[in-house]
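As structure tokens, the structure follows; a few thoughts come after it.
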Amino acid sequence: MTEAAEPILGASEAAASGQPHVTQGTPYDGILLAGFGGPEGQDDVIPFLRNVTRGRGIPDERLEEVAHHYRHFGGISPINAQNRALKAAIEAELAARGIDLPVYWGNRNWAPYLEEAVQDAAAAGDRTLLAIATSAYSSYSSCRQYREDLARVLTETDLLGTVTIDKVRQFFDHPGFVHAFTEGVTNAVRELIADGIAPGRIRVLFSTHSIPTSDAQRSGPRDRDFGPGGAYAAQHEAVGGFVMDRVIEAVPEASETGWELVYQSRSGPPTQPWLEPDVCDVIGELPGRGMEAVIIVPLGFVSDHMEVMWDLDTEAMEAAQEAGIRAVRTPTPGVDPAFVSGLVDLVEERRNGTPAAERPHLTDLGPWFDVCRPACCENVRAGFKPAVSGVAP
């Protein structure tokens, strides 16, 4: 790939040329942990959902249909507490390695906001930042929207030109992220077989957040055909296949256990195509396919936030009960030491300018790009907006 025609917005000197993988080390001043955010009380729920859906003109009465998921848990999303724990774990790992870098945390949709985090960093004199978004895969909502948020923050705070923000590569196939899923599925298969369920009657469902089909088709760079689900679906399929290969190595009988990628948490209008099939629909079909047990793997998620607690731990488990089959839900990475260590490995990649050939990855799709390619992960409804860490548009 050639260099970008113009410097990358808000980039450090090393990333400004637009090369896919940055091999010049950068002495970053701090790390910016970028999260989604979530309400921390009943009064926060509707304002939070207004933030999530801003610009879409959705009335409060429709937002209340989603709000009951949060109200069921006292109006508190676990995601902020999880990000506090992740921030502390990253800080501890940095200290253990002798890396003196502060970690700033800000959210897209709720306090503490990204604006506050970036302004705090600038006030402390930390003006060369490396962002880690709490999302592993490529799509508009899981990558480009974070990059657009960071560009907006730099502009609205008048810090563009003073503060630079690079972003670590999408880490869907980094060993640290995949470890928890491999371990979880292996343990679940062993448990079910030990309880007398034949491996061929166990189905593994790798579940991720559904997105509009148009977004999926445009996920990833435009110069490569990833199939009908774009890079988003291809990345999940590749990681799911890797996990099952490792499970079979550990439990050879699991070669008889089938698996598939399913989706959850659809929120668009019925007229808009979204990725399918739905996890609960598939669970309902499993008895007719001769299955006695299902292993539900939250492959698209970093931690046990609301989409995991409600859509999987509540609705999917109810679907399994109604179908009369055994169900096991495996863990997300959370603050698993391998995951935390992997995130700091990603930081060190950029500090050291590690060549792409030396970067760990577990699928043929990786290692993913440090600087996103032109037109990557377009949202056709909103159009292209300025974004950091990517070649325009």
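Looking at the stretch 251-264, can you tell me whether even one residue there is in contact with a His (Cβ under 6 Å, 6 or more places away or on another chain), assigned to a strand (DSSP E or B) and under 30 Å from Leu63 (Cβ atoms)?
As a first pass, look at the stretch 251-264 and keep what is in contact with a His (Cβ under 6 Å, 6 or more places away or on another chain): 261.
From what's left, assigned to a strand (DSSP E or B): 261.
Still in the running and under 30 Å from Leu63 (Cβ atoms): 261.
Checking the stretch 251-264: at least one residue is in contact with a His (Cβ under 6 Å, 6 or more places away or on another chain), assigned to a strand (DSSP E or B) and under 30 Å from Leu63 (Cβ atoms).
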**Report entry** Hey, Ile296 free of Cβ contacts under 8 Å to residues at least 24 places away in the same chain and either under 18 Å from Trp310 (Cβ atoms) or touching a Ser or Thr at 6+ places or on another chain (Cβ under 9 Å) (or both) or not
**Finding:** no
Among (1) out of contact with any Ser or Thr (no Cβ under 9 Å at 6 or more places or on another chain); (2) in a loop (DSSP other than H, G, I, E, B); (3) of a type in the set (Ser, Thr, Tyr), Tyr104 falls short only on (2)
So, first residue closer than 18 Å to Lys385 by Cβ in the stretch 43-61, second residue outside any helix (DSSP H, G or I), Cβ within less than 7 Å, six or more apart or across chains; the pairs are Asn51/Asn109; Asn51/Trp110; Val52/Asn109
Residue set Arg190, Arg203; condition assigned by TED's automatic domain parsing to the domain that holds Asp313 and either of a type in the set (A, V, I, L, M, F, W, C) or in a strand (DSSP E or B) (or both); output residue Arg203
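Can you confirm whether the stretch 37-60 contains a residue that is among the acidic types (Asp, Glu), part of a loop (DSSP other than H, G, I, E, B) and either surrounded by 17 or more Cβ atoms within 10 Å (Cβ to Cβ) or modelled with pLDDT of 90 or more (or both)? Give the steps one after another, and end with the answer.
The initial filter retains those residues of the stretch 37-60 that are among the acidic types (Asp, Glu), namely 40, 43-44, 60.
Narrowing further to those that are part of a loop (DSSP other than H, G, I, E, B): none.
Looking through the stretch 37-60, none of the residues is among the acidic types (Asp, Glu), part of a loop (DSSP other than H, G, I, E, B) and either surrounded by 17 or more Cβ atoms within 10 Å (Cβ to Cβ) or modelled with pLDDT of 90 or more (or both).
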Taking the stretch 61-101 and keeping residues out of contact with any Pro (no Cβ under 8 Å at 6 or more places or on another chain), in a loop (DSSP other than H, G, I, E, B) and of a type outside the set (Lys, Arg) leaves His72, Phe73, Gly74, Pro78, Gly98, Ile99, Asp100, Leu101
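The values are calculated or read from the model by the stated rules, or taken from the named source; none is laboratory data. Remember, it's a predicted structure, so these values are computed and weren't measured experimentally. We place every Cβ from the backbone using ideal geometry, glycine too, and count neighbours over all the protein chains shown.
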